[in-house]
Every structure is written in C-alpha cells, then in structure tokens.
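The structure appears below as structure tokens.
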C-alpha cells in the first residue's frame with residue numbers, strides 16, 4: 001500500500017504523467033485497500049471496502065475520460 005501511495009504521489013507531481021498510469025495505480029490502491037479490509041475487524045472492514053471501491057471507481061472514470069480525449 002505504501003509503495004502504491006508513493007507511486008501515485010510521484011505521478012500526480014509529474015508533468016508528463018499519463019492518465020492511464022494514474023488510473024492503474026488507483027486501481028491497485030483500491031484492490032490493496034479492499035484486501036486490507038478483508039483482514040480487518042468489525043467496524044473497520046466496511047469503511048475500508050468503501051474506500052477501496054471508491055478508488056476503483058475513480059480509476060475507471062479516469063480511464064473513460066482518457067479514452068474520450070484521444
């Protein structure tokens with residue numbers, strides 16, 4: 001998770017980052033967050049799954065927007 005967050009930060013700061021690269025990292029973060037939620041206790045599991053799902057949805061929206069822009 002930490003490595004993916006660092007990668008996202010690098011991409012967001014970069015001037016030549018591709019939308020597809022950002023979307024890929026967001027998708028990874030979504031999967032990792034959901035996996036952490038799977039191993040978490042009651043009360044934490046649900047919110048982590050929501051965050052994971054939101055990250056995955058953001059990745060899909062970025063991918064669609066990038067496809068339209070081409």
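Numbers for the structure displayed
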item: Cα long-axis angle, helix 2-13 against the chain (0 to 90 degrees, to the nearest 10); result: 30
item: In degrees, nearest ten, helix 45-69 long axis to first principal axis of the chain (Cα); result: 10
item: The chain: Cα Rg divided by the 2.2 N^0.38 Å rule of thumb; result: 1.19
item: Segment 2-69, relative contact order in percent, only Cα pairs under 8 angstrom and at least six apart counted; result: 34
item: Helical mean residue ellipticity (222 nm; -39500 (n - 2.57) per DSSP H run of 4+; nearest 500) of the chain; result: -28000 deg cm²/dmol
item: Folded to 0 to 90 degrees: helix 19-38 orientation relative to the chain principal axis, Cα; result: 0
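Throughout, read-outs are computed from the coordinates displayed, never taken from laboratory work. On a predicted model such as this, the values are computed, not experimentally measured, just so you know.
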